[in-house]
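The values are calculated or read from the model by the stated rules, or taken from the named source; none is laboratory data. Here the structure is a predicted model, which is why all the values come from computation and not from measurement. Cβ sites come from the backbone with ideal geometry, for glycine too, and all protein chains shown count toward neighbours. Just the protein is used for accessible areas: all its heavy atoms, side chains included, with ligands, DNA and RNA removed. Shrake-Rupley method; radii C 1.70, N 1.55, O 1.52, S 1.80 Å.
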Amino acid sequence: MDIKELSGLLQQNGIVGAGGAGFPTYTKLDERAETIILDCAECEPLLKLHRQLLEKYAQEIIETLHMIGQVVNAKELIIGIKRTYTGAIDALNEVIEDYPEVRLGLLDEVYPAGDEVVLIYEVIGKRVRPGGLPIESGVTVFNVETVYNVYRALNENTPVIDKLVSVTAEVEHPVTVRVPIGTTIEETVKRAGSVTTKNPVYFIGGPMMGFIGRGSQPVTKTTNAVLVLPREHFIIQKNKGNSSIDLKRAAASCCQCSMCTDLCPRYLLGHPIEPHLFMRAATCKDIQKPDIFIDTMFCSSCGLCELYSCMQGLSPRSLMTKYKAGLKESGVRPPQGIAAKPIGIEREYRKVPMQRLMARLDLTRYDKEAPLDESEVPVRKVKILLSQHIGTPATAVVKPGEKVSKGQMIAEPGKGLSVGIHASIDGTVCTVNKKYITIETKEGRAGNE
C-alpha cells in the first residue's frame, strides 16, 4: 500500500504513540525517513511492558516494522534496545535474519535512553537540532506497542480498544495487564492483587515524568504504568511541590554548583539549556538575558535535574515547566536556527546508571518481575475520553441510549491531528458530551438501577 492508504487506516483505527504525548501515528509516515528506529529502551525505571511485548511478539512487530519501512522507502530499520534485555534480544535474533534491512542498536542501561533525541544519537550518531523534529534528520521513531497496534489493526482488524499497563510497587502481585480503554485506574490496580500500603497514591506513568492520579480516572491510549506508592514516598512528596515555595527555596539555597546542567542530557548533546543559569535568573528576577528563560523551551522534562542531580533537593524541572507553560500561553515559540554546540568528551562519563537512579529514588525494592497477562479483563463501565493525545479531540457519532459493540467507532477524527475513538466494550452509551463518552454493559446498568 502507499502512504495515503496506510495513513487513512491508522487514523481510522485510532493509533497514536502508546506513551508520552501520544502523537498520531499516521502523521509520522514520511518519505523523508531514511531510518526508522523502534524504541525499546523502556526509558523510565520499573517499566517493562515493551520488552515483554517484543519478546512475545517479535515476529509480528518486526514484520509490521518492515512493512512500514517499505511504505516510506526507508533504507534501514534499527531496534534501539538495552543490551540487558536478553530475552527480547534472543527473540529478535530468531527473526531479523529474514529482514536484511533490520539490525539491533544496543544501548547501555542508563537514563533517559528512550528520549527521542538521546536515542537517535546513541543509535546512529545523528543530532536533532535544538527545537527540531527527528524527521528533519531523516529519522522516524516508533515505540514497540505502537507498532504492535499497527499490526493488530492491519492483520486482526482490531482498532485501539485496549491498553497494556504495568501495575507495580506496593501491590501483592506486580503485573502487566491489558485493559479496555476507559477502565478506571482503581479497577486496573485490582488486577495486581491487594495493595500493600495503608495510604496508597496512584502515580500514573514512570517515576521520573509521571504524575499523581486518581483511582476514578480512566486509562487512556498513553497510560503505560501505575505505580502504587505510599503517601510519604519521596516521589509523591516531590510531585506535591508548590512552585511559589520551590522558588523561595531556590533563592535561599541554590549554590550555583551547576550539577543540574552538567548532567542534563540535552545540554550534553549541545542544546542551549542550562538549568543552573535559569535558577539564578529566576530567583534573582534577573531579565537582563531573556534567552535564559526562552531556552527553557528546549528542556525535555526528563526530571534528572531535580530528582537526581541537585544536592539541595531543589526543583529546576518543575519551575522550568511552569515558565515554559507561561511562554506558550503568551504565544512565544522556541527559537529556530540555533546550532547545537560541539559534544564534549565528558558526556560519556555523565550518563546516569539506571540502578543508581532507582536507588536514589528509593525504588530498588520495587524492581520486580511484572509478568505480561493478556487475559480478558471483565469491565462493566468505561469512560472514554475524546481527547487522549496531542492534537484535536475526536467528534462523537453516537447518542445516549445507543447500543454499541466492541471495536465500533464512536467518535470520528476531527480537524487537525486527530484519530478515531472506538468502543472498548459491548454495551449501551450512557453519556455523551464534549469531553467523554461512557458505556455500560447490561450487568453494569442493572447494578446501577
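Remarks
Every residue, every condition in (1) of a type in the set (D, E, K, R); (2) within 23 Å of residue 354 (Cβ to Cβ), yes or no:
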site	(1), (2)
76	yes, no
88	no, yes
95	no, no
105	no, yes
109	yes, yes
115	yes, yes
118	no, yes
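- Considering the stretch 236-314, the qualifying helices (runs of 4 or more DSSP H), each wholly inside and each with 1 or more residues that are closer than 28 Å to residue 132 by Cβ and of a type outside the set (Gly, Ala, Ser), run over 259-262, 265-268, 275-283, 291-294.
- Taking the criterion of being outside any strand (DSSP E or B), aliphatic (A, V, I, L, M) and either touching a Phe, Trp or Tyr at 6+ places or on another chain (Cβ under 6 Å) or under 17 Å from residue 224 (Cα atoms) (or both), the residues of the stretch 10-39 that qualify are 10, 15, 18, 21.
- In this structure, residue 57 does not qualify as over 29 Å from residue 357 (Cβ atoms), aromatic (Phe, Trp, Tyr) and either buried (at least 20 other Cβ atoms within 10 Å of the Cβ) or touching a helix residue (DSSP H, G or I) at 6+ places or on another chain (Cβ under 7 Å) (or both).
- Residue in the stretch 316-328 that is in contact with a Lys or Arg (Cβ under 9 Å, 6 or more places away or on another chain) and crowded, with 17+ Cβ neighbours inside 10 Å present: yes
- Any chance residue 159 is outside any helix (DSSP H, G or I) and under 24 Å from residue 302 (Cβ atoms): no
- Meeting the requirement of 1 or more residues that are without any contact (Cβ under 8 Å) to a residue 24 or more places away in the chain, surrounded by fewer than 19 Cβ atoms within 10 Å (Cβ to Cβ) and out of contact with any Cys (no Cβ under 8 Å at 6 or more places or on another chain), the strands (runs of 3 or more DSSP E) wholly within the stretch 364-449 are 409-412.
- Residue in the stretch 73-87 that is open to solvent by 20 Å² or more (accessible area, probe 1.4 Å), over 29 Å from residue 371 (Cβ atoms) and β-branched (Val, Ile, Thr) present: no
Residues checked against (1) in a strand (DSSP E or B); (2) not β-branched (Val, Ile, Thr):
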| residue | (1), (2) |
| --- | --- |
| 136 | no, yes |
| 147 | no, no |
| 151 | no, yes |
| 164 | yes, yes |
| 173 | no, yes |
| 178 | yes, yes |
| 186 | no, yes |
| 189 | no, no |
| 192 | no, yes |
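- Evaluation of residue 339 against (1) open to solvent by 50 Å² or more (accessible area, probe 1.4 Å); (2) aliphatic (A, V, I, L, M); (3) assigned to a strand (DSSP E or B) (one fails), failing number: (3)
- Residue match in the stretch 192-202 (condition: aromatic (Phe, Trp, Tyr), open to solvent by less than 10 Å² (accessible area, probe 1.4 Å) and touching a Gly at 6+ places or on another chain (Cβ under 8 Å)): no
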